[in-house]
Structures are given as C-alpha cells and as structure tokens.
Amino acid sequence: MIETKPTAKGHAPATSQTAGEAKVGDLAGSRMLYSRLIGALFLLGFVCYGVGSGLATSLVGGSNFLSTIAASQTILVIGAFLMFLNTGVDVAKGVLFFPILEKHSKRTALAYLATMIVEVVLLAIGVLALLLIVPLAKHAGEAGAQTLGTILVQTNATAYQMGEMTLGVGAVFLCLLLFRTQLVPRWLAISGLIGYPVLVAGTIAEIFGLHIGLYLTIPGFFFELVLPFWLFFKGFQPEAYQGQPTV
C-alpha cells in the first residue's frame, strides 16, 4: 500500500495542479517571447532595408552618378550592408513563424518560409548589383561605364520589385491562415489580405514601367506596421496559439 503524506491541513499536496499551472505559465511565456521576437524582426527589417536603401539610392539617382561615387563609396557600402542585413532578418522571421503556423497548416508554413527565402535571394542580388558600382566607379571616364552603372542600378530596382512581389504572394497565404485561425484579430488579417494583393499589383506595374508602386504599398504597409506592435503588446491569441496541427 502506497502511503500519501498529509500536509499541515491533512491533505495530499496538489502536485498535479501546481505542474499544470507551471505548464500554462511556460506556454504563456513562450507565446509572448515568440510574439515579441517576430514583432521586433518586422520592425528591424523596416529600419535596416529602409535606411540602407535610402542611403544607397540617394547616391545613384543622378544622371552622372558614377563620377561622384568615389568620394561617397563608404556611404554606398554602408547602405548596401544595411540592406543585406535584411536577409537574415527576413529568414529569421520565416523560421520563427514556422512552428506557430505548422500547428495549423504545414503547407502554409512551408510556403511562407519558401517565399521569404526567394525574396531575400532576390534582394541580395540587388545589393550585389549596387556593390559592383564601387569598382566600376574607378572606370567612370571610360566608354560605356555610365551605361553599365545605370544597368546595375536598374538591376537592384527590378530585383527589389520581384522580391516584394514574391513576399506579397507568400504573405497572402500567411494572412489567410491568420484569418482562419484568429492568431491575430481578424480585422488585422483582413488588412493584410487587402494590402498584399495590392502590393503585388504595384510591383507588377513597376516592372512594366508604370510608376505607381509606391502608392500601392500603403495598404500592405499598414499591416506590416500594426502587426509588430500588436505582437509586442498582445501577442498571438492564446487559444489559437495552442491549435492542433491540420493538413
């Protein structure tokens, strides 16, 4: 016969209840940790790529920019480096999202991660094109150098548009899952479902020479700006965060 030791009040210790409470507490802590990390990565991506792109493109926007690059090549390299940091940020975002999305749809989790990888590869190609301008600037006076420089700048612009188009497609699947599972409020998921197809349309327009993409990024920008702050302060919805895996 197994003897249970009484407590001071004559009852067995509530070890199962204590363990259950600890498990709930650990789950809540994990939920908020993941939420805040993902939110921080969204904001960090904005800062890194936005500031880096601003620095780099400010130097290559003129008609004869190649002759002035030599005096400002450090700024160009810093800008390109900040843009390249976004590669790690976006991949980390997809990786952290994966176990959360996988509980509800493994295919969506894989699709989102895959599109993030394709996006960063395209953006990295654009950064490489910008960095090639630095050695090219040493030959600024030679025939064809300015034309080649312009092609490199356009390569970065096109790679960016292709990368954002890929991101937009993957983010539509993400927002569909967020809407269905209510990991975040449905109004927020709906804003992404509206914003990302508009973003994709804007990138296609830019590729075809219709310069309206900047205006069409605004709806998607709302989702990507509001989501990180929601994750910081509210986190993913607790009930949906514990969801069961589906096909």
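Observations
- Looking only at segment 123-156, and only at residues there that are open to solvent by 40 Å² or more (accessible area, probe 1.4 Å) and of a type in the set (A, V, I, L, M, F, W, C), the one that is nearest to the chain's Cα centre (by Cα): ILE125
- Of the numbered criteria (1) touching a Leu at 6+ places or on another chain (Cβ under 6 Å); (2) under 21 Å from LEU41 (Cβ atoms), the one VAL127 fails is (1).
- Qualifying residue in segment 21-39 (condition: among the aliphatic types (A, V, I, L, M), surrounded by 10 or more Cβ atoms within 10 Å (Cβ to Cβ), assigned to a helix (DSSP H, G or I) and modelled with pLDDT under 55): yes
- Residue list for segment 190-242, filter: in contact (Cβ under 8 Å) with a residue 40 or more places away in the chain and open to solvent by less than 20 Å² (accessible area, probe 1.4 Å): THR203, GLY213, GLY220, PHE223, LEU227, PRO228, LEU231, GLY235, PHE236, ALA240, TYR241
- Test result for GLU119, among the acidic types (Asp, Glu) and open to solvent by 20 Å² or more (accessible area, probe 1.4 Å): no
The values are calculated or read from the model by the stated rules, or taken from the named source; none is laboratory data. From a predicted model like this one, the values you see are computed outputs, not experimental measurements. Here the Cβ is made from the backbone with ideal geometry for all residues, glycine too, and neighbour counts use every protein chain on show. Keep in mind that these areas ignore ligands, DNA and RNA; they rest on the heavy atoms of the full protein, side chains included. Shrake-Rupley method; radii C 1.70, N 1.55, O 1.52, S 1.80 Å.
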